[in-house]
1. May I ask you to report, in nm to one decimal and beginning with the shortest, the distances from A:R102 to the same position in the other copies, taking label points 7 Å along Cα-to-Cβ?
2. Looking only at A:Q197, A:Q332, A:Q290, which one moves most when chain A is put into a Gaussian network model with springs between Cα atoms under 10 Å?
3. Averaged across the residues of B:299-305, what count of C-beta atoms belonging to other chains lies within 10 Å of each residue's C-beta?
4. What is the dipole size for the range B:287-354, taken about its Cα centre, with +1 at each Lys and Arg Cβ and -1 at each Asp and Glu Cβ, in debye to the nearest 20?
5. List every DSSP H helix in chain B whose Cα atoms extend 30 Å or more along the helix's own long axis and whose mean Kyte-Doolittle hydropathy is at least -1.0.
6. Just order B:59-66, A:74-81, B:229-236 by mean Cβ neighbour count inside 10 Å, highest at the front, would you?
7. Just round it to a whole percent: the fraction of Cα-Cα distances in the range A:198-286 exceeding 21 Å.
8. Tally the DSSP beta bridges in the protein assembly as shown and give the antiparallel ones as a percent, rounded to 5.
2 protein chains.
Amino acid sequence: MNFKVKNDTFLRALLRQPTEYTPLWMMRQAGRYLPEYCATRKRAGSFLNLCKSPDMATEVTLQPLDRFPLDAAILFSDILTIPDAMGLGLYFAEGEGPKFERPLRTEAEIKALAVPDIASTLGYVTDAVSQIRKSLDGRVPLIGFTGSPWTLACYMVEGGSSDDYAKVKTLMYKEPALMHHILSVTADTVIQYLNAQIEAGAQAVMIFDSWGGALSHAAYHEFSLAYMQRILAGVTKEKDGVRIPSIVFTKGGGLWIESIANSGCDAVGLDWTMDIGIARQKVGHKVALQGNLDPTVLFSTPEVIHNEVEKILASYGFGSGHVFNLGHGISQFTNPDNAGALVAAVHELSRKYH
Amino acid sequence: MNFKVKNDTFLRALLRQPTEYTPLWMMRQAGRYLPEYCATRKRAGSFLNLCKSPDMATEVTLQPLDRFPLDAAILFSDILTIPDAMGLGLYFAEGEGPKFERPLRTEAEIKALAVPDIASTLGYVTDAVSQIRKSLDGRVPLIGFTGSPWTLACYMVEGGSSDDYAKVKTLMYKEPALMHHILSVTADTVIQYLNAQIEAGAQAVMIFDSWGGALSHAAYHEFSLAYMQRILAGVTKEKDGVRIPSIVFTKGGGLWIESIANSGCDAVGLDWTMDIGIARQKVGHKVALQGNLDPTVLFSTPEVIHNEVEKILASYGFGSGHVFNLGHGISQFTNPDNAGALVAAVHELSRKYH
């Protein structure tokens with residue numbers, strides 16, 4: 001189907017077409033658990049330099065593929081490039097996570113928010129996509145990605161990470177119109193951003209809704225899912241006659257899986273709290289599922305990993321429509337050999353289900 | 001029914017018996033958002049002194065009741081009194097949350113774990129229960145509580161709070177038998193502890209499973225719910241001919257609500273992520289529900305609080321079986337007037353549903 005991709009198992013699984021085995025990749029597969037990543041990161045001087053250099057972003061994107069026979073590559077970047085492009089001034093304080101120099105604090109700041117020019121502010125991302133795609137040379141498909149508007153807005157209003165989302169939720173409850181303005185501008189930006197990634201060569205796209213699970217049922221639908229739906233409606237569905245599948249991942253979103261499956265996406269990402277067999281019963285006739293091993297399983301042994309992989313595969317059952325993944329990004333404290341054991345186990349054990 | 005309790009609305013709601021309005025209390029209602037609490041806490045010198053003094057624990061337990069017409073009191077204490085009684089050495093590093101001097105690190109330490117003598121190690125808790133019950137003089141019922149074995153084990157193995165539960169989950173996946181030993185000894189301790197609280201005067205009991213939501217579906221059932229079930233089977237069900245209702249609250253446990261409702265509890269606590277009307281459809285014929293306003297709503301205005309309360313009451317619908325509460329403990333940054341607005345709104349708006 002994708003004549004340019006030698007191994008298109010991942011893309012076929014997302015479209016629920018037959019595959020020979022269950023494909024897999026790992027969220028944050030290019031990350032600190034790999035010594036080769038740490039070496040490049042050190043050379044870059046900072047995480048942001050790494051994101052902003054297409055050469056180095058390409059290098060680290062390919063590192064996990066050189067180590068493990070993964071079925072997809074994912075653009076190395078950060079979800080916060082968008083608010084940075086909007087002028088909020090992203091920086092990383094050592095050991096403190098991402099911060100913004102100019103978080104949204106006043107009504108005037110919120111009303112001044114506008115869709116940035118993607119080419120001039122985020123060209124380094126699309127350059128990285130083109131270069132990675134070239135370097136991959138069709139080995140596996142390349143995933144582009146974005147944060148969800150709600151998740152980006154959390155950072156933009158809080159000014160960094162948060163335990164309780166007090167600032168952004170206070171805004172949401174007290175000034176819903178202002179909150180909707182932030183989300184609306186952000187969603188419009190995301191559409192252009194993802195379409196630029198697709199234009200540059202991304203073959204699938206994923207929306208990371210990392211903080212949607214912090215919302216109530218009603219607030220999730222109004223302030224997070226509605227904007228992901230708008231994005232899915234606006235994103236390029238096909239390029240050169242080839243379908244570009246989309247994945248929505250709301251961490252902690254298992255309760256809302258039916259709504260997510262109706263959002264217009266091709267696949268739903270699952271964290272490890274929901275049984276994937278139950279998820280398949282609920283929505284498997286409509287979307288593919290991606291997940292969902294607890295990343296802490298990788299702190300155990302190859303034997304335990306083998307058993308836990310088998311449990312997930314058995315729970316999903318026979319047939320296509322499953323992309324194996326962790327339920328969250330791989331921890332920096334993971335032994336790379338255990339990541340290798342995971343990849344081997346999925347490839348070996350899944351054949352009998354296809 | 002409870003002739004000793006002037007206002008037994010809370011107990012009737014837990015047993016799904018008719019009430020005139022929806023009763024409410026707030027998790028962490030005796031807490032830092034109240035200046036009178038902060039004054040007592042300061043006088044105590046430390047949080048642990050406050051927990052260990054029956055006089056001062058009684059004082060702070062009653063403070064929110066003197067301010068607001070709440071429908072239940074909850075023992076002022078901490079879930080970590082149990083591991084402390086087991087010899088792990090609980091302390092609170094200023095601004096850092098709870099810590100243990102002697103966390104469980106080795107197989108020998110785990111195997112040495114034993115059920116402590118409740119009277120000699122936790123007498124200060126049962127003394128507080130007796131004294132609070134006397135001071136309440138039948139105003140409202142008194143809730144006793146415990147942490148769940150899984151949640152206590154998280155602290156016991158991690159040595160304090162954790163973001164990713166890496167240590168305790170590694171133990172769980174690598175050495176399940178050792179994990180089960182910790183949970184088993186802890187569950188047996190909890191049974192004796194809750195029964196001592198009931199003997200001293202607790203009129204309902206609640207199990208706080210704060211970290212059950214960090215587990216996978218399978219691990220939750222095996223390592224958290226199974227031990228809460230054992231506790232529910234072992235806890236005193238009736239005292240002096242009066243039923244002692246039990247509440248199980250797994251934060252992030254909405255996906256497992258059917259299993260929780262089958263655990264032997266009378267009521268299920270809900271965080272704010274699940275719509276309470278959906279929860280009622282799933283399990284309302286079997287258990288009462290307690291919840292579930294997002295505590296950050298209290299950062300808004302009385303008008304917004306009023307509207308959000310109405311939405312929850314409307315979603316639950318007509319009839320008994322609902323105890324209103326927050327979906328998590330009230331934040332220290334809450335304006336007490338907004339807590340008052342919540343209490344007034346629930347009492348006023350709920351009458352039409354009864």
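Any read-out appearing in this document is the output of simple, stated calculations on the displayed coordinates, not a laboratory observation. Remember, it's a predicted structure, so these values are computed and weren't measured experimentally. Cβ sites come from the backbone with ideal geometry, for glycine too, and all protein chains shown count toward neighbours.
1. Copy-to-copy label distances for A:R102: 5.7 nm.
2. Answer for the Gaussian network model of chain A: A:Q332.
3. 3
4. With Lys and Arg at +1 and Asp and Glu at -1, about 220 debye.
5. Those that pass (Cα extent of 30 Å or more, hydropathy at least -1.0) are B:176-200.
6. Most protected by this proxy first, the peptides run A:74-81, B:59-66, B:229-236.
7. That fraction is 30 percent.
8. Just about 25 percent of them are antiparallel.
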